[in-house]
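The values are calculated or read from the model by the stated rules, or taken from the named source; none is laboratory data. Keep in mind that what you see is a predicted model, and the values were worked out from it rather than measured. Using ideal geometry, Cβ is built from the backbone for each residue, glycine included, and neighbour counts are taken over all protein chains shown.
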Amino acid sequence: MNLSRRGFLEMNAALTASMQAKVAANDRVRVAFVGCGARAHELMAAVMAHPQFEIAAVCDAYTGRVERAVDRVKDTRGTTPRTLRDYREAVGDKSIDALVVATPDHWHKAIVLDAMAAGKDVYCEKPLTYASKEGPEIIAAAQRTGRIVQVGSQGMSSMTQVRAKELIQKGKLGKVTMVRAAYNRNTASGAWIYPIPPDANPQTVNWDMFLGGATKRPFDLERFFRWRCYREYSGGIATDLFVHLCTTIHFLMDAKMPSKVTAMGELYRWKESRDVPDTLNAILEYPDGFTVNLSSTFNNESSAQASFTFLGTEGTVSVGWGELKYWPENVREDNRWIVESWPKKLEAGYWKDPKVQASELAALGKARLIDGGMSWREEGQDPTIVHFWHFLNSIKTRKPYWEDASAGHHAAACAHMVNQSVRTGRLVEWDSAKDDIKG
Ligand SMILES: NC(=O)c1ccc[n+]([C@@H]2O[C@H](COP(=O)([O-])OP(=O)(O)OC[C@H]3O[C@@H](n4cnc5c(N)ncnc54)[C@H](O)[C@@H]3O)[C@@H](O)[C@H]2O)c1
């Protein structure tokens with residue numbers, strides 16, 4: 001065949017394009033969304049930021065959410081996902097590669113297990129579990145089926161947290177023995193009192209589908225749309241917010257699980273709307289040599305909404321929304337006020353000691369330059385988009401990312417230990433052999 005140079009180039013370009021299309025088609029990951037609520041819509045945007053993901057199907061217990069999910073995919077991609085009446089249709093559909101689970105917490109385990117049994121990978125929103133004992137079951141299923149499970153505490157995919165981990169693991173802070181983390185809010189929506197869509201009624205809301213295995217109750221739109229306020233579907237602040245804090249702490253500190261947890265929780269303000277506390281304080285002791293203070297109030301947000309402080313013998317790291325600060329300790333020994341109470345002769349002897357001179361007198365009369373540390377601000381991709389990049393990568397390489405079933409189980413189990421301590425008024429211990437709460 002005689003080809004002109006131009007014809008050759010055109011053919012080559014067409015061939016490359018068709019090869020790329022083929023590779024893209026082969027590599028395309030077809031995803032079904034189970035639960036298309038507020039978070040799922042953010043997740044859908046993050047999923048569609050990756051050309052290789054295709055949202056092929058959507059499923060929700062309220063028709064309005066399905067309608068908006070279909071619109072979102074159409075508006076962004078120009079394609080129409082299949083709408084499913086039940087998540088089991090996604091599980092049974094061989095053309096679906098992965099499920100994104102963003103239902104209320106009491107549904108997570110069943111959907112994750114069914115998806116894996118059908119050979120699908122799963123991205124499950126945090127908390128992975130509704131009860132601690134579900135964790136080992138999910139981990140075992142992931143191992144048995146070789147499926148990828150990634151859990152959705154996306155903060156650990158932010159650059160600030162990755163850099164904070166580097167600082168801590170490289171020893172820049174010396175020995176970290178204490179971590180403080182908080183999550184505070186002061187609005188009705190922050191306290192999960194979300195607006196209820198005006199068209200919600202027994203025709204548009206599938207109440208039985210929402211309830212699943214939970215206690216049978218009469219139709220109730222507040223429970224349906226504000227499920228985090230009720231223990232039957234959620235663990236409240238602990239499983240909604242502390243779980244994010246614990247994921248980050250485990251990631252940065254390279255830690256797995258506290259050995260002991262004690263906590264107190266109280267409902268001071270939003271009494272009519274819930275059966276879970278609006279104020280929660282917890283102490284978690286880790287066998288790795290550090291202790292964590294977690295606290296949350298829904299009654300004031302003047303201190304940081306979500307923040308961490310890692311306190312080390314040589315320095316401190318604080319992590320906030322897209323912000324990271326490091327500062328060294330700049331400490332100085334000073335025993336003057338103690339030895340000035342000694343007999344004069346003994347005090348004079350104290351100051352003559354060369355060790356004391358080196359530590360307490362060397363800087364006397366000299367100005368010091370205090371190292372103010374460093375700070376960073378994060379720009380660019382939203383961590384949720386990066387988190388889905390990790391998921392995509394895991395699907396291809398078959399290697400789970402850091403926030404796998406085990407990491408998800410342990411972060412959620414911390415929250416369950418906190419809740420158990422609040423309920424029983426007792427210290428709760430971890431059984432590492434059982435990989436579950438002791439007792
Ligand atoms: N990673 C984060 O930052 C983040 C933020 C918010 C929420 N979340 C998590 O996302 C999940 C969803 O939270 P949300 O705020 O979107 O709640 P939501 O109430 O807005 O959405 C949940 C949706 O699930 C649907 N649903 C209930 N039962 C179902 C079933 N059996 N099958 C299919 N759909 C069902 C409901 O109709 C609802 O639309 C929770 O696990 C929550 O903890 C994570």
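Residue by residue through the stretch 62-112, note down the ones that are polar (S, T, N, Q) and either more than 14 Å from Cys36 (Cα to Cα) or touching a Phe, Trp or Tyr at 6+ places or on another chain (Cβ under 6 Å) (or both).
Once the filter is applied, which keeps residues that are polar (S, T, N, Q) and either more than 14 Å from Cys36 (Cα to Cα) or touching a Phe, Trp or Tyr at 6+ places or on another chain (Cβ under 6 Å) (or both), the stretch 62-112 yields Thr76, Thr79, Thr80, Ser95.
The rows are residues; the columns are (1) within 18 Å of the chain's Cα centre (by Cα); (2) under 20 Å from His106 (Cα atoms).
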| site | (1), (2) |
| --- | --- |
| Val179 | yes, no |
| Ala200 | no, no |
| Arg223 | no, yes |
| His244 | yes, yes |
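Could you tell me which of the residues Thr129, Thr63, Thr80 is within 16 Å of the ligand (Cβ to nearest atom), surrounded by fewer than 24 Cβ atoms within 10 Å (Cβ to Cβ) and among the β-branched types (Val, Ile, Thr)?
Thr63
So, Ala214, is that one of a type outside the set (D, E, K, R), part of a strand (DSSP E or B) and within 30 Å of Thr247 (Cα to Cα) or not?
Criteria not met by Ala214.
Looking only at strands (runs of 3 or more DSSP E) that lie completely in the stretch 320-439, which have at least 3 residues being surrounded by 13 or more Cβ atoms within 10 Å (Cβ to Cβ)?
Where strands (runs of 3 or more DSSP E) fall fully within the stretch 320-439 and carry at least 3 residues being surrounded by 13 or more Cβ atoms within 10 Å (Cβ to Cβ), they are 323-328, 428-431.
When the residues of the stretch 87-124 are filtered to those that are within 15 Å of the ligand (Cβ to nearest atom) and basic (Lys, Arg), which remaining residue is surrounded by the fewest Cβ atoms within 10 Å (Cβ to Cβ)?
Residue satisfying both the conditions and the ranking: Arg88.
Given (1) in contact with a Cys (Cβ under 7 Å, 6 or more places away or on another chain); (2) near the ligand (Cβ under 10 Å from one of its atoms), identify the lone condition not met by Cys246.
(2) is the only condition that Cys246 fails.
Scan the stretch 26-40 for residues that are more than 6 Å from the ligand (Cβ to nearest atom) and surrounded by 14 or more Cβ atoms within 10 Å (Cβ to Cβ) and jot them down.
Arg28, Val29, Arg30, Val31, Ala32, Phe33 - these are the residues of the stretch 26-40 that are more than 6 Å from the ligand (Cβ to nearest atom) and surrounded by 14 or more Cβ atoms within 10 Å (Cβ to Cβ).
Counting only residues that are touching a helix residue (DSSP H, G or I) at 6+ places or on another chain (Cβ under 6 Å) and aliphatic (A, V, I, L, M), which one in the stretch 142-175 is surrounded by the most Cβ atoms within 10 Å (Cβ to Cβ)?
If we take residues in the stretch 142-175 being touching a helix residue (DSSP H, G or I) at 6+ places or on another chain (Cβ under 6 Å) and aliphatic (A, V, I, L, M), then Val151 is surrounded by the most Cβ atoms within 10 Å (Cβ to Cβ).
Could you list, ordered by first residue, the pairs with Cβ atoms under 8 Å in which the first is in the stretch 219-236 and within 17 Å of Lys126 (Cβ to Cβ) and within 12 Å of the ligand (Cβ to nearest atom) and the second is among the aliphatic types (A, V, I, L, M) and modelled with pLDDT of 95 or more, at least 6 apart or interchain?
Cβ pairs passing all conditions: Arg228/Val276; Tyr233/Ala214; Ser234/Val276; Gly235/Val276; Gly235/Ala415; Gly236/Val276; Gly236/Leu280.
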